[in-house]
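This report refers to the structure that appears directly beneath it.
The values are calculated or read from the model by the stated rules, or taken from the named source; none is laboratory data. Please read these numbers as outputs of a predicted model, since none were measured by experiment. Backbone-built Cβ (ideal geometry, glycine too); neighbour counts: all protein chains shown. With ligands, DNA and RNA removed, areas are computed over all heavy atoms of the protein, side chains included. Shrake-Rupley method; radii C 1.70, N 1.55, O 1.52, S 1.80 Å.
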Amino acid sequence: MKQMKEYNPKEIEKKWQDIWEKEGTFIASEDKSKPKFYALIEFPYPSGEGLHVGHPRPYTALDVVARKRRMQGYNVLFPIGWDAFGLPTENYAIKNKIHPRIVTEKNIARFKSQLKSLGFSFDWSREVNTTDPAYYKWTQWIFLKLFEKGLAYKKEAAINWCTDCKVGLANEEVVNGVCERCGGEVVRKVKNQWMLKITEYAERLLSDLDLVDYIERVKVQQVNWIGRSEGAEVDFNTTAGYTLKVYTTRPDTLFGATYMVISPEHPMIDELKDKITNLDELIEYREKAARKSDFERTELAKEKTGVQVKGIMAINPVNKKEIPIWISDYVLMSYGTGAIMAVPGHDTRDWEFAKKFNLPIIEVVAGGDVEKEAFTDIENGTMVNSDFLNGLNVKEAKEKITEWLEQNGIGRRKVNYKLRDWVFSRQRYWGEPIPLVYCEKCGWVPIPEEELPLLLPEVESYEPTDTGESPLANMPDWVNTTCPKCGGKAQRETDTMPQWAGSSWYFLRYTDPHNDKELASKENLEYWMPVDWYNGGMEHTTLHLLYSRFWHKFLYDIGVVPTPEPYQKRTSHGMILGENNEKMSKSRGNVVNPDEMIDEFGADTLRMYEMFIGDFEKAVPWSYNGIKGCRRFLDRVWRLQSFIVEGDEYSSDLEVAMHKTIKKVSEDYENLKFNTAIASMMSLVNSFYAKEKVTRAEFRDFLILLNPVAPHITEELWELNGYEGMLNQQKWPTWDESKTVEDQIEIAVQINGKVRERIMIPSGLGKEETEEAAMKDEKVLELIKGKNVIKVIGVPGKLVNIVVK
RNA sequence: GCGGACAUGGCGGAAUUGGCAGACGCGCUAGAUUUAGGAUCUAGUGGUGACCCCGUGCAGGUUCAAGUCCUGUUGUCCGCACCA
């Protein structure tokens, strides 16, 4: 036994990180003849807090896959960058009176050193930064293209306004009625906003989910968020001659419509103000509704409120009956037509409203008791009280009435989506300036492409204003400009883009990050896209993921990118919780800092524990003892050196174990089952210890298998023990399926389903031979002696069950 | 309310198409070694003292065989939230 050096992670991790950097080991090659593999993680937002141990979980997972793929001969792109515009930095900058650019630089430096100390195989030469003018030039360019194609428009709209951040929020940023970022109260505020027509892509965003390999829960969430529904639009005439359009998914219940409800903001009220006899009352209700924050609205959702529109009645087109019109805030202007036909017999909300205001309820689908509750079942039940629909089931009735409506020109088939257009303006400083100017004569005019990027100006104060204007509005020198079209006086847009802008296309930039002619070259996009595997958090499923798919589809339509979808495969990791099983946060005092773990145990141990901690897709609490166990394993691996014996082959008694492990590890790394891959390597090491021997061939292949998880220690052991070259340049080992099974295997013999004996039989026996082998066994014969054997069921390789009486 | 996921030892978790429940790790117990151990090694570790038996949230069912399939039920987590 030779003298062994101590395992010193501090020393060897630094050593190998320096070597990898110096040699450019992980720089993606420009050689496009090799098969490519593009692995992507969500680029981090460089906050002032630094990393906690939750961050490295997804990064390590894809690092493992990336490292394995390189050894399998792929040209791997595994890039990293910074999503650096955004509110927290700006807020911190305001509070501490430091320019957000300086704050950003500082935070990035911190994140970078933390990520580097974990030994990820990122291609640092392709680092991007959304706040770099050379990057946001192209964010602005894409926006101009959207504007050019009519997909960006400015609209006076009631938006979600965070009273703390003093900024408009997208629907997606309002969580439970409060601001997703700061938890501040959100109220409705009418503002002139830039909007992006993501709704125009709703159908494709939905149907193209068939083209990609996303985990089910991601697909389901996107489907729900897009919220497609099929129904009909129906025209209701009114006694005032005004036509009220409604959208319904239940046209079959038209005969049961006993009143109508329109949203308080519905334009009919203003248009017919001369004919409405209680206008004051309606306006009062509308104002009350507008003042309510979204939070209050949902809070008060239990009790329905409303006011009848007096002086006008609607006419049910199927039976010409006059029915009253009400306004109520349970009908939203932003969905469908802002008006509904109320069918209290078969819609729960309408039923509650009708009960409260004593409106008639008519049963049109038999099967329930509409006096007790709305009958909403659409599977069972037959149409009644519905003239020519009587006797049909719901499905048939829907079809028939829709045809009838179309024939009579009073209705049409209609598909609706819950998805709304994307509020794209922020009244903030730290974001991409919107490259448009407003000219009295020409309206909104894009600044010429060659003038991009439109730089964010230096500014005295970047505090948001109480009026809701961007800080940029306080800079007349910057705002006042000339119209690119007519040369007249014009003013710049002072709103900036939301944080989601830069992250909607960053994966494209990685393919060609230094290109100053295009956002990325055609050849590079052709070669690298789509992203083969994208892992990220579930919290981005309805925001970033949908937004970036939308931009990508748009870029596909205008011929910039070669694929209709950006990401071929999407997976998601579970959160790492504090040791107390609560979400890790500063305020709970349960944050575990990766720097400290690296200092105490080493990066390899941390990486390994991140992967071994549990089911990758589930939330799991951190455990200090758990990480200690991983360090213990690496210590054991280090000490394997003392067992090394000569041998270019696997030893006969471990041959099966080797092939099995290679198979298990190779497959598990691909299937997010890092925990079981590591478990199988631990078992293998236990076998080496049991023998106190490991051949050079066994050790060699074991090191390769372990390398993606623990890259530093394995490189060091590779070198120390005189293997050729660098470990990361080796070929991934392969397994021989026929060698993954022992010659003799143990199977169970059950009697009436209970295991009573275990026998050794040669592997590969068929069903009958297996049964025969069991029936020959002495102990088994003993056990069934004198009993009546009814049935013998053999399962090759598993067990034999003997049914006796 | 709607949609989705999950429920297995003291803990994190394993378990192809239904086929030996509890792999691997932690923790714990005992022993060895050590001046000492939050080090290392060996053995044990679902419950009950042992064979038996009982055991995958709960109650049924299908099957030779159920953690896995079916029906019902309870609980936890996540997403959406008056979407007509």
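Some notes on this structure:
- Net lengthening on full extension, A:Asn721/A:Lys321 (0.36 nm per residue, minus Cα-Cα): 134.8 nm
- Since only A:Pro133, A:Ala339, A:Asn590 are under comparison, the one whose Cα sits farthest along the positive direction of the charge dipole of chain A, derived from C-beta charges on Lys, Arg, Asp and Glu, is A:Asn590.
- Zone residues, segment A:231-247, relative to A:Arg413, backbone N less than 18 Å from point 7 Å out along Cα-to-Cβ: A:231-235, A:247
- Accessible surface of chain A, 1.4 Å probe, proportion on carbon and sulfur as whole %: 48
- Two numbers describe the Cα atoms of segment A:741-804: Rg and Dmax, which are 10.9, 36 Å.
- Here segment A:738-805 and segment A:543-608 have alpha carbon centers that stand 49 Å from each other.
- The spread of Cα positions in segment A:446-490, taken along each principal axis and listed from longest to shortest, comes to 33, 20, 16 Å.
- Near-label residues of segment A:724-747 by backbone N, under 14 Å of a point 7 Å along Cα→Cβ of A:Glu768: none
- Protection proxy ranking of A:316-322, A:7-13 - average other beta-carbon atoms within 10 Å, highest first: A:7-13, A:316-322
- For segment A:97-182: rounded, prolate or oblate by the Cα gyration tensor [a/c cutoff 1.5]: oblate
- Radius, Kirkwood style, for segment A:487-569 when every pair of distinct Cα atoms is counted (Å): 14.2
- In a DSSP loop and with at most 13 other Cβ atoms within 10 Å, the GluC sites (Glu not before Pro) in segment A:333-406 are A:Glu371, A:Glu373, A:Glu379.
- Helical runs assigned H by DSSP (4 residues or longer) give chain A a calculated mean residue ellipticity at 222 nm of -10500 deg cm²/dmol, each run adding -39500 (n - 2.57) before division by the residue total.
- Global geometry of segment A:589-739, whether rounded, prolate or oblate, following the gyration tensor of its Cα atoms and the 1.5 cut on a/c: prolate
- Considering only chain A, percent of DSSP beta bridges that pair antiparallel, nearest 5: 75
- Order by protection proxy (mean Cβ within 10 Å, highest first), peptides A:576-586, A:411-421: A:411-421, A:576-586
- Scoring A:633-643, A:272-282 by mean Cβ neighbours within 10 Å over their residues and listing the highest first yields A:633-643, A:272-282.
- Relative counts (whole %) of C-alpha pair distances in segment A:380-516, using bins that are 10 Å wide: 10, 24, 20, 11, 10, 16, 8, 0
- Once the chain from A:Thr676 to A:Lys355 is taken as fully extended at 0.36 nm per residue, the excess over their C-alpha distance is 109.8 nm.
- Summarised in one figure, the compactness ratio Rg/Rh of chain A, Cα atoms and Kirkwood Rh, is 1.06.
- In this structure segment A:674-805 gives 50 Å² per residue of accessible area when probed at 1.4 Å with all protein chains present.
- Solvent exposure of segment A:229-416 amounts to 48 Å² per residue of accessible area, where only protein heavy atoms count and the probe is 1.4 Å.
- Whether segment A:181-324 is rounded, prolate or oblate, judged on the alpha carbon gyration tensor where a/c under 1.5 counts as rounded: oblate
- Rotationally averaged projected area of segment A:78-231 (alpha carbon convex hull; nm²): 13.1
- The residues of segment A:30-118 expose, per residue, 34 Å² of accessible area to a 1.4 Å probe.
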